[in-house]
1. Hey, residue 78 hits all of (1) on the phi < 0 side of the Ramachandran plot; (2) at pLDDT 90 or above but one; which does it fall short on?
2. Which is at pLDDT below 90 and in contact with a Lys or Arg (Cβ under 9 Å, 6 or more places away or on another chain), of 9, 43, 36?
3. I'd like to check which strands (runs of 3 or more DSSP E) are fully inside region 45-134 and have at least 1 residues that are surrounded by fewer than 16 Cβ atoms within 10 Å (Cβ to Cβ) and of a type in the set (Ser, Thr, Tyr).
4. Evaluate region 37-50: report whether one residue or more is under 11 Å from the mean Cα position of the chain (by Cα) and among the aliphatic types (A, V, I, L, M).
5. Check off (1) closer than 14 Å to residue 26 by Cα; (2) within 12 Å of the chain's Cα centre (by Cα); (3) among the polar types (S, T, N, Q) for residue 68 and give me the number that stays unchecked.
6. Given the condition of a type in the set (Asp, Glu) and either touching a strand residue (DSSP E or B) at 6+ places or on another chain (Cβ under 7 Å) or under 17 Å from residue 29 (Cα atoms) (or both), answer yes or no: does some residue in region 113-130 qualify?
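The values are calculated or read from the model by the stated rules, or taken from the named source; none is laboratory data. These numbers come from a predicted model, not from an experiment. A quick note on method: Cβ atoms are made from the backbone with ideal geometry, for glycine too, and the neighbour counts reach across all protein chains shown.
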Amino acid sequence: MGGSYRELDHPADLWLEVRGASLPRLAENALFALFDTMVATDDVAMESTATLRGVGSDPAEALRSLLTEALFLFDTQGFTAAAAEVMAEIREAPRETVLTATLWGETLRPDCHRLKTEVKAVTYHLLQVKEDEEKGWQAAVILDV
């Protein structure tokens with residue numbers, strides 16, 4: 001997952017700005033940003049897969065849901081990802097956005113993987129996803145650390 005993200009100034013938490021050429025690429029880069037915040041992803045082998053699904057009434061809620069599922073997988077099973085592929089579906093009735101991700105990675109091994117930052121939650125605070133015709137998709141996400 002070669003991510004396109006940067007950290008913005010925030011007094012207490014991690015505020016990330018993520019970009020992608022499409023909604024699926026934006027979600028892939030956001031997943032990279034999440035895992036790269038928690039673990040040195042260079043050391044993660046792609047030896048197993050996990051499938052996650054994020055659903056929301058709009059792309060921002062779906063992205064937050066997907067990232068929350070990824071964080072839950074990391075916290076409960078120790079799964080950390082080195083790559084992701086995301087499919088996006090926008091449904092009209094009921095109006096919802098569905099992001100389905102396949103993650104490639106492995107179970108965290110503290111003797112092999114360098115932990116970086118503990119993330120407690122993906123917040124709703126200042127959550128934003130928007131599409132710009134010239135710049136592609138952009139998101140702002142705050143991680144509670």
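1. For residue 78, the exception is condition (1).
2. Details: 9 fails: in contact with a Lys or Arg (Cβ under 9 Å, 6 or more places away or on another chain); 36 fails: at pLDDT below 90.
Just a single option satisfies the conditions, and that option is 43.
3. On the way: elements: 48-56, 79-91, 96-107, 128-132.
Qualifying strands (runs of 3 or more DSSP E): 48-56, 96-107.
4. Looking only at region 37-50, we keep the residues that are under 11 Å from the mean Cα position of the chain (by Cα), and these are 37.
Checking the rest, the ones that are also among the aliphatic types (A, V, I, L, M) come to none.
Checked against the condition, which is being under 11 Å from the mean Cα position of the chain (by Cα) and among the aliphatic types (A, V, I, L, M), region 37-50 yields no hits at all.
5. Unmet condition: (1).
6. Scanning region 113-130 turns up no residue that is of a type in the set (Asp, Glu) and either touching a strand residue (DSSP E or B) at 6+ places or on another chain (Cβ under 7 Å) or under 17 Å from residue 29 (Cα atoms) (or both).
This table checks each residue for (1) in contact with a Gly (Cβ under 9 Å, 6 or more places away or on another chain); (2) of a type in the set (D, E, K, R).
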| residue | (1), (2) |
| --- | --- |
| 34 | no, no |
| 42 | no, yes |
| 45 | yes, no |
| 55 | no, no |
| 78 | no, no |
